[in-house]
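Reading through the structure tokens given below for one structure.
The values are calculated or read from the model by the stated rules, or taken from the named source; none is laboratory data. Please read these numbers as outputs of a predicted model, since none were measured by experiment. Virtual Cβ from ideal backbone geometry, glycine too; neighbours counted across all protein chains shown. Side chains are part of the model used for accessible areas, which takes the heavy atoms of the whole protein and leaves out ligands, DNA and RNA. Shrake-Rupley method; radii C 1.70, N 1.55, O 1.52, S 1.80 Å.
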Number of protein chains: 2
Amino acid sequence: MVDLEELAGQLPETAVLTDADLIASYRHDWAKDPDAGTPAAVVRATCTADVAATLRWANEHRVPVVPRGAGSGLSGGATAVNGGIVLSTERMRRISIDPVTRTAVVQPGLLNAEVKRAAAEHGLWYPPDPSSFEICSIGGNAATNAGGLCCVKYGVTTDYVLGMEVVLADGTPVRLGGPRLKDTAGLSLTKLFVGSEGMLGVITELTLRLLPAQPPQSTVVATFATLTAATEAILAITGELRPAMLEFMDSVAINAVEDEMRMALDRTAAALLVARSDAPGEFAAHEAGLMVAACEQAGAAEVFHTADPEEGEAFAAARRFAIPAVERLGPLLLEDVGVPLPRLGELVSGVAAIAERHQVTVSVIAHAGDGNTHPLIVHDPSDAEQTARAHRAFSEIMDLAIALGGTITGEHGVGRLKKAWLPDQLGPEVIALTRRIKDALDPHGILNPGAVL
Amino acid sequence: MVDLEELAGQLPETAVLTDADLIASYRHDWAKDPDAGTPAAVVRATCTADVAATLRWANEHRVPVVPRGAGSGLSGGATAVNGGIVLSTERMRRISIDPVTRTAVVQPGLLNAEVKRAAAEHGLWYPPDPSSFEICSIGGNAATNAGGLCCVKYGVTTDYVLGMEVVLADGTPVRLGGPRLKDTAGLSLTKLFVGSEGMLGVITELTLRLLPAQPPQSTVVATFATLTAATEAILAITGELRPAMLEFMDSVAINAVEDEMRMALDRTAAALLVARSDAPGEFAAHEAGLMVAACEQAGAAEVFHTADPEEGEAFAAARRFAIPAVERLGPLLLEDVGVPLPRLGELVSGVAAIAERHQVTVSVIAHAGDGNTHPLIVHDPSDAEQTARAHRAFSEIMDLAIALGGTITGEHGVGRLKKAWLPDQLGPEVIALTRRIKDALDPHGILNPGAVL
């Protein structure tokens, strides 16, 4: 039994939660891992010193620590461990913006949307935009190298992280990088910690690169009678220009969204694309025209475009809402597989074949422009046989992505739910290399044990 | 004495050079480190297997290996070590471009300019553009996380590296990442190896992200009677828009360039800025107009702008030529210090004060838009007393950058010439962290010993 008194003595009065009811809500993230443990305590850190004290204590007593942002992760990266500590950064919410260097210094507990809003007050823009941006934390975004809809043109979280403060496993806080676009002094440690899913350290501050406000966007919406026509349109668009967004929903997702949002989407379509251009001035309309032509050429059933921001945003919002909408059909096993873009058609048709073979409903939505898809496997957990089929499909979809030269996770992270497939993607040498770095930085293995490796 | 026969037996016939004359040209990179050793041999690898065989052998026999690209490094990162191997990638020159994923797969020996040209054949663009782009290798660019003139808008090398093949110290080749814009499976190892200056592994292949061809640029040239006016103009420009280039030359550089190129530059000016916009269509002219106004507002002596690509390129070329031009005044100690942009004025005036105090000529040129400067300290190595003063200035300029919250190297790397200052910038905890990773990946310390750490 761990001596929580000693830990509590080093932290603010309300930092340590041990009440069973309160703790219960920290056992899971959105992946709802059925194997989640029950932690000995939740520490809600208020500052870097709290994080440092917690890790120092945990390292000394060999207590596992699961770092947690907003708990919106979809891979079980923040699943609690029996008898361990859940270390939440939700109370660390300071932010400052420097318009001259176009950087933000933020604490990890701030939500992505709050970072965007604070930047917007200075006419600036923080691009990465997970669909969950209203509820996911910027610290979690960095820990998973989160993506979103803008990545096809604007890249992922790591492209915006210039520096950080991170507390190492033994409780030592270190500062890496800073508000400099160029800095090659020493190893690229900042980038190593981005996407490390809490297994190397706990991020307590981020220095983020911001861009000038995004120009107004033109939006193109197209429906297709076949998946093939839709993936052809995707390749035609990305081969011609860089869309600011290029999203895909299949028939199940279209209908699930339409059930909830009543947007008069074509329920008979096999696929729907939402594409956007944010090129300046009349170039947005020009690019929208090129995208319309590409869709028509690929045999779109219907295509329209709008320069009206509200109308365009409604379609982007519909796409963002697709996961919760499909979830109303039943609990989901949520995939995050990505492939090099030319293989997208094979991935989408391969997923359909897997769904057919195992007789499960799989809805595919995708950040199509960068080849990152989210097959959503609907299943009824009370039906053991169906659940088993769903898990076989889950596994085969990852196998397929790997076979197509892709990844098991484009933006959600490996967490606990996908780690069994990681060696198949990376190979034994890269796993061994990862293990060497993990052991060097966390020799007692206290940081997020069971995640990734 | 190392058994080169055993090594040579595993490599193609012409791979191993031991002739003293041939070896001599591999002792130095462009930093011309006076403490360079004499290697036992130079291995000119033709493929990954050659690199793997060399490292396997070297690791077994504890022979130091200095990886080398084109030898254009400016920090002594490829300075040879006595009795070691110089492992050159100059013969590894394959490239393939995939226009659909907008990626290039390149071997490390290709020059940056060759990558740019191959991309251009497909209407694509590889942005990173060190001034040395005609003579520096893409492998060296990745090893140093090289920058250039475009970085103010387009970022640095790491922003374009999606994947790589790298051979570890024990000779194991591993593949990291790939042609996927989003991939967060496992640690961000690709990014860790970028900028690792040959101390963690030898890069044998890179997967690079490409962009559509850059639009035509408008160029603004402005001269200023004072350094302060010039740095004010820089902040005004970057506060208002994202220039595609924002370069600075001081009076010494202007005159040195004018001596060589006869462009009718104003020899009386204290500073010259070259700024460019690549915004599409008439937006380039619009941004050029904003930059002209910002320069005039800051009190520019003369400002003009041109949309003529050749005329604009002549000024960019003049700026790129500044280092060789100043070098004709005498051998240089070349700095690469960077600061957060608001501190640029303090850095430039501080460098002038250091030059004054030590009575040495220091010319400052800068990638001003991202705060990355190259103070060039001219000295006569045959004058020991002057050389000592030059080295004191060299040291104090790095101290100044660190004191201003900056970096000792923005884009050239630490190599051997700057490593004494690295602990002052990073602090003992980050150095210890770096050492832990180095020891984990290269336990026998054979990879580029003496560089960085």
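Just a few scattered comments:
- Pairs are defined by a Cβ separation below 6 Å, a sequence spacing of at least 6 or placement on different chains, a first member in the stretch A:141-170 that is under 22 Å from B:VAL430 (Cβ atoms) and open to solvent by less than 10 Å² (accessible area, probe 1.4 Å), and a second member that is of a type in the set (Lys, Arg) and modelled with pLDDT of 95 or more; the pairs so defined are A:THR158/A:LYS191; A:TYR160/A:ARG209.
- Listed here are the strands (runs of 3 or more DSSP E) enclosed by the stretch B:242-346 that have at least 1 residues being closer than 30 Å to B:PRO34 by Cα and away from every other protein chain (no Cβ under 14 Å): B:245-250, B:332-334.
- Hits in the stretch B:44-69 - residues which are touching a helix residue (DSSP H, G or I) at 6+ places or on another chain (Cβ under 6 Å) and either in the same structural domain as B:ASP336 (by the TED database) or more than 14 Å from B:ALA8 (Cβ to Cβ) (or both): B:VAL65, B:GLY69
Yes or no, residue by residue, for (1) assigned to a helix (DSSP H, G or I); (2) open to solvent by less than 20 Å² (accessible area, probe 1.4 Å); (3) farther than 27 Å from A:GLY155 by Cβ:
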site: A:VAL348; (1), (2), (3): yes, yes, no
site: A:VAL351; (1), (2), (3): yes, yes, no
site: A:ILE377; (1), (2), (3): no, yes, yes
site: A:PRO381; (1), (2), (3): no, no, yes
site: A:GLU385; (1), (2), (3): yes, no, yes
site: A:ARG389; (1), (2), (3): yes, no, yes
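- Matching residues, the stretch B:142-170, being more than 8 Å from chain A (Cβ to nearest Cβ) and part of a strand (DSSP E or B): B:VAL161, B:LEU162, B:GLY163, B:MET164, B:GLU165, B:VAL166, B:VAL167
- Every residue from the stretch A:432-453 that is open to solvent by less than 10 Å² (accessible area, probe 1.4 Å) and more than 10 Å from every other protein chain (Cβ to nearest Cβ): A:ASP442, A:ILE446, A:LEU447, A:ASN448, A:ALA451
- Boolean, A:VAL202 is over 26 Å from B:ALA143 (Cα atoms) and in a strand (DSSP E or B): yes
- When residues of the stretch B:403-425 are limited to those that are open to solvent by less than 40 Å² (accessible area, probe 1.4 Å) and in a helix (DSSP H, G or I), the one farthest from A:VAL167 (Cα to Cα): B:LEU422
- Test: A:GLU429 is touching a Ser or Thr at 6+ places or on another chain (Cβ under 6 Å), farther than 22 Å from A:THR238 by Cβ and either surrounded by 16 or more Cβ atoms within 10 Å (Cβ to Cβ) or among the acidic types (Asp, Glu) (or both): yes
- Of the numbered criteria (1) in the same structural domain as A:LYS153 (by the TED database); (2) buried (at least 24 other Cβ atoms within 10 Å of the Cβ), the one A:ASP250 fails is (1).
- Answer residue from the stretch A:171-180, given it is assigned to a loop (DSSP other than H, G, I, E, B) and open to solvent by 10 Å² or more (accessible area, probe 1.4 Å) and is farthest from A:ARG276 (Cα to Cα) among those: A:THR172
- Residue pairs meeting the criteria (Cβ under 9 Å; at least 6 apart or on separate chains; first within 24 Å of A:PRO342 (Cα to Cα) and touching a residue at least 24 places away in the same chain (Cβ under 8 Å), in the stretch A:403-421; second basic (Lys, Arg) and not in a loop (DSSP other than H, G, I, E, B)): A:LEU404/A:ARG343; A:GLY405/A:ARG343; A:GLY406/A:ARG343
- Residues (farther than 23 Å from B:THR190 by Cα and either crowded, with 24+ Cβ neighbours inside 10 Å or in contact with a Leu (Cβ under 7 Å, 6 or more places away or on another chain) (or both)) located in the stretch B:200-216: B:PRO212, B:ALA213
- Total residues in the stretch B:131-140 satisfying the condition of being touching a residue at least 40 places away in the same chain (Cβ under 8 Å) and within 29 Å of A:GLY239 (Cβ to Cβ): the figure is 2.
- Among the candidates A:ALA58, A:ALA52, the residue that is open to solvent by less than 40 Å² (accessible area, probe 1.4 Å) and more than 14 Å from chain B (Cβ to nearest Cβ) is uniquely A:ALA58.
- Conditions (1) open to solvent by 30 Å² or more (accessible area, probe 1.4 Å); (2) at pLDDT 95 or above; (3) on the phi > 0 side of the Ramachandran plot: number failed by B:GLY76: (1)
- Condition check for B:SER96: open to solvent by 10 Å² or more (accessible area, probe 1.4 Å) and of a type in the set (Ser, Thr, Tyr): yes
- Qualifying residue in the stretch A:182-189 (condition: among the acidic types (Asp, Glu), buried (at least 24 other Cβ atoms within 10 Å of the Cβ) and within 16 Å of B:VAL194 (Cα to Cα)): yes
- Residue list for the stretch A:280-312, filter: farther than 20 Å from A:ALA230 by Cβ and either open to solvent by less than 10 Å² (accessible area, probe 1.4 Å) or of a type in the set (Val, Ile, Thr) (or both): A:ALA284
- Within the stretch B:13-30, considering residues that are part of a loop (DSSP other than H, G, I, E, B) and surrounded by 16 or more Cβ atoms within 10 Å (Cβ to Cβ), the one modelled with the lowest pLDDT: B:TRP30
- Search result, residues across the stretch A:83-107 that are in contact with a His (Cβ under 6 Å, 6 or more places away or on another chain) and of a type outside the set (A, V, I, L, M, F, W, C): A:PRO99
- Some residue of the stretch B:36-43 being within 21 Å of the chain's Cα centre (by Cα), outside the structural domain of B:ARG320 (by the TED database) and either open to solvent by less than 40 Å² (accessible area, probe 1.4 Å) or not hydrophobic (A, V, I, L, M, F, W, C) (or both): yes
- One residue from B:ILE237, B:ILE323 being closer than 30 Å to B:VAL360 by Cα and either touching a helix residue (DSSP H, G or I) at 6+ places or on another chain (Cβ under 7 Å) or open to solvent by less than 50 Å² (accessible area, probe 1.4 Å) (or both): B:ILE323
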